[in-house]
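Reviewing the structure listed below.
The values are calculated or read from the model by the stated rules, or taken from the named source; none is laboratory data. The shown structure was predicted, so the numbers you read here are calculated from the model rather than taken from an experiment. Glycine also receives a Cβ, built like all others from the backbone with ideal geometry; neighbour counts cover every protein chain displayed.
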Amino acid sequence: TATTGWGMIETNGKHTATTGWGMIETNGKQCTVDSWGLIETEKDEKAETRLNKIYGETLAVLKKLSPDVFVYEKIFFATNAKTVISVGQAQGVMLLAASRSKLAVASYAPGTIKKLITGNGRANKKDVQQAIRKILGNQVKSKAHKKTHFDDAADALAIALTHAMKEGDKNV
């Protein structure tokens, strides 16, 4: 049977705050991308408005896709307290959506994800994106005529793939 992984993180752009998500399916021998996407909010919106949108859209995606596991990246920021709070709030509402959806939850440190996906625990965002494209191939083409929104979802797919690899699907 297929094991489904899910990953979500929040990354901040110039005018929007984007939460990328991705879902993969594994059967122990291969991994396929089920789907991926974004939840975009305006940075100048009130926090409660942004969080409500993230919660509602997360819940809707979880209901539509019915994953087995919700996987997220543990927060690790050394200097910017404002970013830590913002990401923590977003993760909180996403975890609430996962709980309401009665999903198992797992989390991994950024270095663990980078090490498993790229071979380097200190890899940068671009290295992770390139590794995900190499591992998952044509399944993750960016959407036409837009900024590479896949870049935001690549981290989420990396998180989901890390979970699949850690849970014993070493061949994926």
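Here is a check on your reading of the model: is Leu96 at pLDDT 95 or above and more than 13 Å from the chain's Cα centre (by Cα)? Criteria met by Leu96. For residues that are at pLDDT below 85 and out of contact with any Ser or Thr (no Cβ under 9 Å at 6 or more places or on another chain), scanning just region 12-43, find the one that is surrounded by the fewest Cβ atoms within 10 Å (Cβ to Cβ). Across region 12-43, the extreme among qualifying residues is Lys14.
Scanning region 67-87 for residues that are polar (S, T, N, Q) and without any contact (Cβ under 8 Å) to a residue 40 or more places away in the chain, we see that the one that is nearest to Trp21 (Cα to Cα) is Asn80.
Among the residues making up region 45-88, a single one is assigned to a loop (DSSP other than H, G, I, E, B), modelled with pLDDT of 85 or more, loosely packed, with under 13 Cβ neighbours inside 10 Å and over 17 Å from the mean Cα position of the chain (by Cα): Lys46.
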